[in-house]
Amino acid sequence: MLVLEKITHRFRDNLALKNISGTADRGEVIAVIGENGSGKSTLLSVIATFIKPTSGKIYYNNIDVFQSTKNVNNYRRYITYASEKVKFVSELSLKDNLLYFKNLFNSKKDVFEISKQVGIYDLLNQKPNSLSKGQKQRLSLAVSLLKEAKIVLLDEPAEGLDVETKNVVKEIVKELKQDNCMVFYVTHDEDEIEEVCDKIITLKEGTLKFFGSVEEFWNIYEKFYVVTYEQSGRKITKVLNIESLKSLQEQSDIRILHIRNLGLREIINMSETDGVSTTRFNEG
Ligand SMILES: Nc1ncnc2c1ncn2[C@@H]1O[C@H](COP(=O)(O)OP(=O)(O)OP(=O)(O)O)[C@@H](O)[C@H]1O
Ligand SMILES: [Mg+2]
């Protein structure tokens, strides 16, 4: 189990994370959502131990991660972070790059299987510089999956990619869950959350707005819909709750053109009931 205890991080005079507490278990996929600059990447960097929190603690299986260098190093063996910043060896083919990282991680995972999983199997004889942006992103993902990690940190792994690649990521997340990994998944794609995630962390300006299960989320927040309809030749768009939507649908003089669910982030912003959160925090 991973416990975050009052994690605060300050970049000079900028408080990027304020008192973040919560717990995550193995086999759980945790979506991390929030606006640009809300602290998502900072939170993942703290969990990855790339940066040390200004205050607060992380416990992994009851061990205080930042207590000593030994603890940090031990914990790092269980972590993998998918990042576009992976430096590939430009002289080596994709296959040899993957073998290089496999060796570096001392991993028993199968390079060919992972290549198939992320869809770069046909590119294995090419060199990294010949890849498109999306293909490079798939390669980075392959590298991070090579490590036999228990905690997988994915910071917008499918950002700006095609639908196919997004689905690849979604399937990988599901498999990681089946393998009992804990996955932190930063995404702006809120449709994915209910399909693949167990818990949600919502950040706003470094403050935790919600940390709990998807179920708990819907116990607290009401669902809303963005409805576009036509009435007397006029096109109207409104945000409605389920009751208002139903009564609208019963009106004979309107024609509904489009309905979409309001995103989780939008719902939180709308209800702005400060202090509403189901943060669970286990001491020690
Ligand atoms: N290395 C850094 N040095 C100084 N300030 C930083 C640094 N990294 C992030 N910040 C600041 O911390 C805050 C949180 O940034 P962070 O990158 O965590 O946001 P984010 O939620 O990941 O945003 P995005 O959706 O744009 O990726 C921002 O105000 C940002 O300017
Ligand atoms: Mg970010």
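The residue pairs whose first member lies in segment 132-148 and is in a loop (DSSP other than H, G, I, E, B) and surrounded by 18 or more Cβ atoms within 10 Å (Cβ to Cβ), whose second member is modelled with pLDDT under 90 and among the basic types (Lys, Arg), and whose beta carbons are closer than 6 Å, counting only pairs six or more residues apart or on different chains, do not exist in this structure. Residues that are touching a Gly at 6+ places or on another chain (Cβ under 7 Å) and either of a type in the set (Lys, Arg) or in a helix (DSSP H, G or I) (or both) within segment 203-222 comprise just one, LYS204.
Restricting to segment 140-167, and then to whatever is out of contact with any helix residue (DSSP H, G or I) (no Cβ under 6 Å at 6 or more places or on another chain) and farther than 21 Å from PHE50 by Cα, can you tell me which residue is nearest to ligand 1 (Cβ to nearest atom)?
It comes out as GLU159.
Considering segment 202-238, and only residues there that are in contact with a Phe, Trp or Tyr (Cβ under 7 Å, 6 or more places away or on another chain) and under 29 Å from ASN19 (Cα atoms), the residue that is surrounded by the fewest Cβ atoms within 10 Å (Cβ to Cβ) turns out to be PHE217. Confirm whether LEU43 is within 12 Å of ligand 1 (Cβ to nearest atom), of a type in the set (A, V, I, L, M, F, W, C) and under 25 Å from LEU176 (Cβ atoms). Yes; evaluated as a whole, the condition is true for this residue. Scanning segment 177-201 for residues that are surrounded by 24 or more Cβ atoms within 10 Å (Cβ to Cβ) and either free of Cβ contacts under 8 Å to residues at least 40 places away in the same chain or within 16 Å of ligand 2 (Cβ to nearest atom) (or both) yields a total of 4.
The values are calculated or read from the model by the stated rules, or taken from the named source; none is laboratory data. None of these values were measured; they are calculated from a predicted model. Don't worry about glycine lacking a Cβ; one is built from the backbone with ideal geometry, like all the others, and counts go over all protein chains shown.
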